[in-house]
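*Asks:* One structure, pasted below without further comment.
The values are calculated or read from the model by the stated rules, or taken from the named source; none is laboratory data. Only a predicted model underlies this, so the values are computations on that prediction, with no experimental measurement involved. Ideal geometry is used to build each Cβ from the backbone, glycine not excepted, and the neighbour counts take in all protein chains shown.
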């Protein structure tokens, strides 16, 4: 075992729950591949994030569970020591800040670079949650989806809290590229990337993934329909992938009305992220909104077109050129794309939207809405899209020109 670094450890930023269980237990999220589920190992104590689904739902009502503390902070290697520590032949547990797919893809790309520099190190992640299948693309990684036992925790030479990376504390206002931030923080060179090589050919398998977790980034239905129609008419096999986990999916699907289009198949979504990863790997080309699947393409360098609105394409795609990027050209009195917002905000008087939709400056926007509003979400993705999203209709000819350059097809549906 390598010598411990001469750096004083400090508490992790995130709180964990310490709990004991009188009986054996198993747990796994429904949208994660069953092979990544977890089982107890007879340890006297277990740890899970205080905000995890396991803590909030399962442990809260389990009679055999005793909550010891909801304010445990594991001791972690401080950010200043990351680049100074030799991790060769070490076992390293990384605490994952959250399970946003795009951020986790960036972390996976960093882990590939970490493993390249330290081939004999053992990598593990804790709190990978819904993104566990993404981390499973890293060779020989150990995944603790939602909890870890005291016996398991004691095995690691180092514990690192990745929420200490630069920019994580303001990620809601301005996107961060975790791959580049973490490689810089650890003084590690990122892995080499192949040159972009879209292979234009007849009858390509083309995936369209237009939905994002926010109306700020979901593509307008009319644009999605026109793209699907154009690609299908050109003889390509088009699969339109929606997201059944989102409450607005049915209304969004009805608005697109793609079932009648030639060579277009509509799928409500995938049960697990693993299935989404497998689909992405098999596509010849993809057209995507600014969402998790756009980042997943980095894992395989799948060629395609990413269409971006409120967030900056150059920041999110970073050094990866497998996707051509289209940035909404919207310019308004209160904002311009990209503004940096990742989610809608609520003003002090209860209005929900963004600077452009509410016609207010950024400093008058409040925090994230306290509760979800399905009716409003449907309206914002179907009827009254926010300005930078709706402006994509004005950009449509230019977007089709990009597709024509890649795929050599007519630029009208």
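*Asks:* Among the residues of the range 127-137, is there at least one that is in contact (Cβ under 8 Å) with a residue 24 or more places away in the chain, over 14 Å from the mean Cα position of the chain (by Cα) and surrounded by fewer than 23 Cβ atoms within 10 Å (Cβ to Cβ)?
*Replies:* Scanning the range 127-137 turns up at least one residue that is in contact (Cβ under 8 Å) with a residue 24 or more places away in the chain, over 14 Å from the mean Cα position of the chain (by Cα) and surrounded by fewer than 23 Cβ atoms within 10 Å (Cβ to Cβ).
*Asks:* Within the range 196-216, can one find any residue that is closer than 30 Å to residue 356 by Cα and part of a helix (DSSP H, G or I)?
*Replies:* No, there is no match, as no residue in the range 196-216 is closer than 30 Å to residue 356 by Cα and part of a helix (DSSP H, G or I).
*Asks:* Moving on to the next point. When you go through (1) in contact (Cβ under 8 Å) with a residue 40 or more places away in the chain; (2) under 30 Å from residue 294 (Cβ atoms) one by one for residue 51, which number turns out not to apply?
*Replies:* (1)
*Asks:* Among the candidates 223, 219, single out the residue that is buried (at least 18 other Cβ atoms within 10 Å of the Cβ), in contact (Cβ under 8 Å) with a residue 40 or more places away in the chain, part of a helix (DSSP H, G or I) and touching a strand residue (DSSP E or B) at 6+ places or on another chain (Cβ under 9 Å).
*Replies:* Working: 219 fails: part of a helix (DSSP H, G or I).
That would be 223, the only listed residue that is buried (at least 18 other Cβ atoms within 10 Å of the Cβ), in contact (Cβ under 8 Å) with a residue 40 or more places away in the chain, part of a helix (DSSP H, G or I) and touching a strand residue (DSSP E or B) at 6+ places or on another chain (Cβ under 9 Å).
*Asks:* I would also like to ask the following. Restricting attention to the range 13-44, which residues are more than 30 Å from residue 168 (Cα to Cα) and surrounded by 12 or more Cβ atoms within 10 Å (Cβ to Cβ)?
*Replies:* If the condition is that a residue be more than 30 Å from residue 168 (Cα to Cα) and surrounded by 12 or more Cβ atoms within 10 Å (Cβ to Cβ), then 20, 21, 25, 40, 41, 43 are the ones that fit.
Here's the yes/no breakdown for (1) assigned by TED's automatic domain parsing to the domain that holds residue 297; (2) under 14 Å from residue 293 (Cβ atoms); (3) at pLDDT below 95; (4) surrounded by fewer than 16 Cβ atoms within 10 Å (Cβ to Cβ):
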| position | (1), (2), (3), (4) |
| --- | --- |
| 229 | yes, no, no, no |
| 245 | yes, yes, yes, yes |
| 257 | yes, no, yes, yes |
| 263 | yes, no, no, no |
| 268 | yes, no, yes, yes |
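*Asks:* Test each condition in (1) over 17 Å from residue 322 (Cβ atoms); (2) modelled with pLDDT under 95; (3) under 24 Å from the mean Cα position of the chain (by Cα) for residue 193 and report the one that comes out false.
*Replies:* Every condition holds for residue 193 apart from (1).
*Asks:* Quick check on my filter: what residues within the range 114-126 are buried (at least 22 other Cβ atoms within 10 Å of the Cβ) and either more than 23 Å from the chain's Cα centre (by Cα) or in a loop (DSSP other than H, G, I, E, B) (or both)?
*Replies:* If the condition is that a residue be buried (at least 22 other Cβ atoms within 10 Å of the Cβ) and either more than 23 Å from the chain's Cα centre (by Cα) or in a loop (DSSP other than H, G, I, E, B) (or both), then no residue fits.
*Asks:* Another question, then. Looking at 318, 292, can you tell me which residue is at positive phi and modelled with pLDDT under 95? Can you show your working first?
*Replies:* Working: 292 fails: at positive phi.
Being at positive phi and modelled with pLDDT under 95 holds for just one of 318, 292, which is 318.
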